Amino acid sequence: MLRLILAACFVAAMAGRTLAEETPAVIHLWDNGAPGFESRKDMPEVAVQWGIAGINNPSLTVFLPPQGRATGAAAVIVPGGGHRMLVVDLEGYALAKWLASKGVAGFVLKYRLAKDQTAKESPYRIDVEELQDTTRALRLVRSRAAEWGVDPGRIGVIGFSAGGHLAAMASMRFDPGNPASADPVERVSSRPAFQVLVYPGEPEQIEPTRDSPPAFLVAGSEDNLADGLSSAWLRFKKAGVSAELHIYAGVGHAFNFRPNPHPVGTWGDRMFDWIADSGFLKAKG
């Protein structure tokens, strides 16, 4: 009987350990809430069709590679949803888990929404609070790189649709950080090492410079954003920035990251090949 009791306790302990290991950590971008909106930090998120809305306390959900598999590379993943909600599963968690299994740490960003479908009027703006959340996320990962086993020089950004719009803006409006800031997170750079723009919104606004991070661009030919993304690729080429473009025939918007029997279902593999070929899976030197 004693053996049975001990065995049962061992199984229960292991089950609890497994659950704890599989439950990703959630880290808020600011300890006391977003600056200027601290009073809203305890407002609950709202489940909606295809995802969540009502984000007032932006956060990162952390997916780290299994022990012994980490490459040191990482990506902040910015889901889409038309700035109205966030498709956190198919444009966030699914990709982060897959990347972690391949040795790349994934950090899924829940950002404030300028057109939040659960609010009559959102106090947030795309190019202010949404962009602030995106750049803060990049700084936060970089500031805690040692803790998470990440190389601070190999942290990229991956954005889908509206999140792709933010990823592109973050890749154009980065800065080296403020060394005089009292907040250690704000002292580090917000520059992504690479950018992956998946059917990004407002592609005509993408204006690379010679200092822009290398880019992987992907969309479907039936998406009305495809022409703008193709033109953006030409601007990367003109600026002298390495960029790879994939346009999948017969495909529209929001193919997400999920099983698909058609060629578009392999876009994640092509992205990972590009990340590897670009040298981001290996430490410099």
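The values are calculated or read from the model by the stated rules, or taken from the named source; none is laboratory data. Computed from a predicted model, the values in this text were never measured in an experiment. Positions of Cβ are backbone-derived with ideal geometry, glycine not excepted, and every protein chain shown enters the neighbour counts.
Is it the case, given these coordinates, that Ala243 is modelled with pLDDT of 95 or more, farther than 27 Å from Trp50 by Cα and within 20 Å of the chain's Cα centre (by Cα)? Taking the combined requirement at face value, the residue satisfies it.
Against the numbered list (1) in a helix (DSSP H, G or I); (2) closer than 17 Å to Gly268 by Cα, Thr134 comes up short only at (2). Candidates are the residues of the stretch 145-174 that are out of contact with any strand residue (DSSP E or B) (no Cβ under 8 Å at 6 or more places or on another chain) and in a loop (DSSP other than H, G, I, E, B); the one that is farthest from Lys284 (Cα to Cα) is Arg173. Would you say Ser190 is without any contact (Cβ under 8 Å) to a residue 12 or more places away in the chain, hydroxyl-bearing (Ser, Thr, Tyr) and either farther than 17 Å from Pro79 by Cβ or in a strand (DSSP E or B) (or both)? Considered against the rule, which asks whether it is without any contact (Cβ under 8 Å) to a residue 12 or more places away in the chain, hydroxyl-bearing (Ser, Thr, Tyr) and either farther than 17 Å from Pro79 by Cβ or in a strand (DSSP E or B) (or both), Ser190 comes out as no. Just name the residue that is surrounded by the fewest Cβ atoms within 10 Å (Cβ to Cβ) out of those in the stretch 28-67 that are of a type in the set (Val, Ile, Thr) and touching a strand residue (DSSP E or B) at 6+ places or on another chain (Cβ under 7 Å). Among those residues, the one meeting the criterion is Val46. Across the stretch 71-102, the qualifying residues are those that are of a type in the set (A, V, I, L, M, F, W, C) and assigned to a helix (DSSP H, G or I), and the one among them that is farthest from Arg154 (Cα to Cα) is Leu90.
Sub-7 Å Cβ pairs linking a first residue in the stretch 110-139 that is in contact (Cβ under 8 Å) with a residue 60 or more places away in the chain to a second residue that is small (Gly, Ala, Ser) and outside any loop (DSSP other than H, G, I, E, B), at least 6 apart or interchain, are Lys110/Ser59; Leu113/Ala53; Asp116/Ala53; Gln117/Ala53; Thr118/Ala53; Leu138/Ala170, ordered by first then second residue. Scanning the stretch 220-261 for residues that are farther than 19 Å from Phe194 by Cα and β-branched (Val, Ile, Thr) yields a count of 2. Within the stretch 193-233, being in a loop (DSSP other than H, G, I, E, B), farther than 18 Å from Pro152 by Cα and of a type outside the set (A, V, I, L, M) holds for Tyr199, Pro200, Gly201, Glu202, Glu207, Pro208, Thr209, Arg210, Ser221, Glu222, Asp223, Asn224. Residue pairs whose Cβ atoms lie under 7 Å apart, sitting 6 or more positions apart in sequence or on different chains, and linking a residue in the stretch 240-264 that is touching a residue at least 12 places away in the same chain (Cβ under 8 Å) to a partner that is surrounded by fewer than 18 Cβ atoms within 10 Å (Cβ to Cβ) and among the acidic types (Asp, Glu), are Gly250/Glu222; Val251/Glu222; Gly252/Glu222. Sub-6 Å Cβ pairs linking a first residue in the stretch 195-210 that is at pLDDT 95 or above to a second residue that is assigned to a loop (DSSP other than H, G, I, E, B) and crowded, with 24+ Cβ neighbours inside 10 Å, at least 6 apart or interchain, are Tyr199/Ser161; Gly201/Ser161, ordered by first then second residue.
Quick one: which of Ser181, Ser221 is modelled with pLDDT of 95 or more, exposed (fewer than 13 other Cβ atoms within 10 Å of the Cβ) and farther than 25 Å from Tyr93 by Cα? Of the residues listed, the single one that is modelled with pLDDT of 95 or more, exposed (fewer than 13 other Cβ atoms within 10 Å of the Cβ) and farther than 25 Å from Tyr93 by Cα is Ser181.
Which count do you get for residues in the stretch 49-80 that are small (Gly, Ala, Ser) and over 20 Å from Pro123 (Cα atoms)?
Number of matching residues: 7.
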